[in-house]
Structures are given as structure tokens and as C-alpha cells.
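The values are calculated or read from the model by the stated rules, or taken from the named source; none is laboratory data. Keep in mind it's a predicted model, so treat the numbers as computed, not measured. So basically every Cβ, Gly included, is an ideal-geometry build from the backbone, and we count neighbours across all protein chains shown.
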Amino acid sequence: MSESQSRQDHSSEHSPKSPCDSKPDPKPDPQPDPKLDPKPDPCADPKPDDCRPPCPAVEDCPPKKRPCPCPPGFQPPDWCEELPPMPEDCAEPEPEPERTPTPDDPCGPSPKPTEQLARLKARLVTSQKVLRDLEPRKLEAEDLEARIKNLQDRVDQQTTKDSDYKAFYRATEVARSEIECFIPTVRCQLELKDFQKKCVCAAIDRVDTRIAKAKREAAKVEIRARWADRHHKEAAARLKWAKTNFEFLEKGLQERIEIVRKELGELKGLVDPNKDQCIAYFYLYELDRLIQTCNGTDPCWRPDLGVGTFIDCWDPECYAQAHNRALAAFNDAEADEKIKASELKQANDLATTLRTAAETAEKNRRADILAEIAAHDCCAKCPPVKEGAGREAR
């Protein structure tokens, strides 16, 4: 060991320590194994933001320069996405037991006003959570009361309803039997020849075929309209993504940094070691937080990035490249969204037209069949003559 190093160690032993030095450095949270604990714990304390510097401050080398940032990748909407399961209620910490009077302190504890204020605030938070959790139960109880009343009314009227339904069913059964007897009786009274019957059946078949074709065409166009709606929604999502990136580079980035620079100037003026040094340490921490470089996913595109991330990500060359890409992506997405919107409107209009035509054909079925019977003169005295076959039955 060198003499200079020995003197440094000796001086560090006798140098006055700061009150903050007595606290151990915070240890980083152990990284959970995804195989052992794949689901996040909803009751765990939230982790600090990744832009926060360590406190107490740790001297470190300047971070290396990042490569030019690329915009975050576009993710199309997930049409099969399912909601995660509802997390279980987090257990509330049990309140501390109240102190009982002792012989040395017959009047009981004498808490400071600040301690009492903190205890009341904690109780207020607990009470508010209880009220928030009870609100759904209150609504459920009111809904159950209404449902019980309605169900009780149905039970009271069930005998009458059963009797009325039985009478309705029997009347329908009698009507069906009457029609079943009526049809063959009257059909036998008709004096139609085979060619006349075939003519009527052909008229029915022609009209039903037209109706079925209209329904099939309407169903096909309905499917095309649904796909056009899917494509338009994806194009709209892509336009929103491209517009967000472009507006961030066009004005949001510089506006954000202007706000941070102004805040840095204000905080710097508040640092005064000659006054309260703890307050000065806090303001230095805030200054350090605002100039830190953020990590995580797409830190360069965060709307709340700080000066450190700005300097690390957006030098003039990188900014110019990203701005040009964002402008091109925004123009392409805007044009594509307009085309998809036009295609969607056209598909919806055509689907409405064909659906209306199919419904009209179904509604006018009997009238169209009668018109077909009249047009082909199905009740003519003689069958129609076929070319080259003489007068044969149709």
C-alpha cells in the first residue's frame, strides 16, 4: 500500500460523516425468475420510475452515446386480446395497537400532533378504500332487491301464466289440425291438369331462386364490409401512431425540453448550501433527476424525457433522420387511411343496397309469384306448344 493511499484511508477514518452516510446504500431489488414467478404481484409496492437517479447519489462515468433512435414499432390492434384476471384484494396493514396506561404514565400516551395527523391520514385512506370496496356491494344489494321483487311477482303469477300458455298452445294445435284437413280437401276439388300444376311450381321456383340469390349476394357484401371496417380501423391506428411520432418530433420534443430547461434554472437558483443543507441536497437530487438518461423501452420517445435523454438521443443528425422518416410515415398513413375510409363507405353503401333489395324481394314474394303465374298463363286451357314437338304437355 502506498503512503498516499494510507494517508487517504487514515483521513477518511477521522473525517466527519454526514447524517446521510449512516444509512446503507439501497440494494437493487433481486430480479425475479420468470419461470418461478411469471405473474406480477398486484400487492407489491410500485417500483420507482426508471428515470430516477439513485439516492444517495453515486458517482459514475458518463454514459456512452446511444445509436440514433428509431420510432417504436407499430403494433396492429389485437382482436383476440383478453383482459387479465382480476387481481385479488391486497391485504391492508393491520393498525398498531393502542397503548394502555402504565403506572409510570397513568394518563396514557401523549402523541405529538404530527404523529396524530399521520395516524388520522392513514385511517382516512383505509376508510376511503373500504367505502370504495363497499360501493359495488351496495349496488349489488339494490339490484338483488329489485330482482327478488320481480321474481316474486312472476312466482305469484306463474299459475295464471301456465294456464294461459296451455290454452294458447291448444288453440294453435287445433288451428294446425284444421289447416291439415283443409289443404287436401280443397286440393282434391281443384281441376288442374299436370302442366298447369307444373307451371305454378315453376313460377314459385323462379321467385324463390331470385330471393335466395339476393340473400347470398347481400351476405357476401356484408362480409366484405366487415373486412373493410377491419382494414380501416388498422389504417386509423397506424395513422394515430405515425401522427404521434411526427408531432412529437415537430413540436413536442422542443417544447418539453424548454419546460425542463426553465425548471432547471428555477431549481438551480433554489440551491443555497448556506441555508438548510438538507433542502439544498434535495434540490440537487431534483436537478440530477432532470438531467439523467432514461432507460427502458423506447426512452428517446418518452413525452416526459429529460435533458440527459435528449442530449443522448437527439443530436442534430439523428433528429433530422428521424424527422424525415416520421414525416414520410405520417403522409403515407394519412393517405392510406383516406383510401380505406372510402372503401369502407362504398362497401357499407353496397351492403345496405343489397340487404334492402333482399328484404324487399322476401316481402314481395307472394305478389311476385302471382305475377309470374299470370305472366306465364298457367291456367290456360291448353299447354304451351314447344318448338319441334307439337302440342305436348309441358
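Taking the range 223-254 as the range and being touching a His at 6+ places or on another chain (Cβ under 7 Å) and either modelled with pLDDT of 95 or more or over 26 Å from G308 (Cβ atoms) (or both) as the test, no residue passes. Taken over the range 245-259, the criterion of being among the β-branched types (V, I, T) and either buried (at least 17 other Cβ atoms within 10 Å of the Cβ) or not assigned by TED's automatic domain parsing to the domain that holds C313 (or both) is satisfied by I257 alone.
Across the range 372-390, the qualifying residues are those that are more than 18 Å from L192 (Cα to Cα) and surrounded by fewer than 10 Cβ atoms within 10 Å (Cβ to Cβ), and the one among them that is modelled with the lowest pLDDT is G390.
Kindly indicate whether any position in the range 272-279 is surrounded by 15 or more Cβ atoms within 10 Å (Cβ to Cβ) and either modelled with pLDDT under 95 or of a type outside the set (D, E) (or both). No, the range 272-279 has no match at all. Can you confirm whether the range 377-385 contains a residue that is part of a helix (DSSP H, G or I), assigned by TED's automatic domain parsing to the domain that holds C201 and in contact with a helix residue (DSSP H, G or I) (Cβ under 8 Å, 6 or more places away or on another chain)? Among the residues of the range 377-385, not one is part of a helix (DSSP H, G or I), assigned by TED's automatic domain parsing to the domain that holds C201 and in contact with a helix residue (DSSP H, G or I) (Cβ under 8 Å, 6 or more places away or on another chain), which makes the answer no.
Please indicate, with yes or no, whether at least one residue in the range 312-330 is among the aliphatic types (A, V, I, L, M), surrounded by fewer than 17 Cβ atoms within 10 Å (Cβ to Cβ) and within 32 Å of the chain's Cα centre (by Cα).
yes
Listed by first and then second residue, the pairs linking a residue in the range 187-209 that is outside the structural domain of R365 (by TED's automatic domain parsing) to a residue that is exposed (fewer than 15 other Cβ atoms within 10 Å of the Cβ) and assigned to a helix (DSSP H, G or I), with Cβ atoms under 9 Å apart and 6 or more places separating them unless they lie on different chains, are L190/K197. Here is a check on your reading of the model: is K215 surrounded by 12 or more Cβ atoms within 10 Å (Cβ to Cβ), at pLDDT 90 or above and either part of a loop (DSSP other than H, G, I, E, B) or of a type in the set (K, R) (or both)? Here the answer is yes, as K215 does meet what is asked.
Inspect all residues belonging to the range 308-321 and state whether any of them is within 20 Å of P72 (Cα to Cα), out of contact with any Ser or Thr (no Cβ under 9 Å at 6 or more places or on another chain) and not in a helix (DSSP H, G or I). Checked the range 308-321: at least one residue is within 20 Å of P72 (Cα to Cα), out of contact with any Ser or Thr (no Cβ under 9 Å at 6 or more places or on another chain) and not in a helix (DSSP H, G or I).
The set of residues in the range 351-371 being surrounded by fewer than 17 Cβ atoms within 10 Å (Cβ to Cβ) and touching a residue at least 24 places away in the same chain (Cβ under 8 Å) consists of A357, E362, R365.
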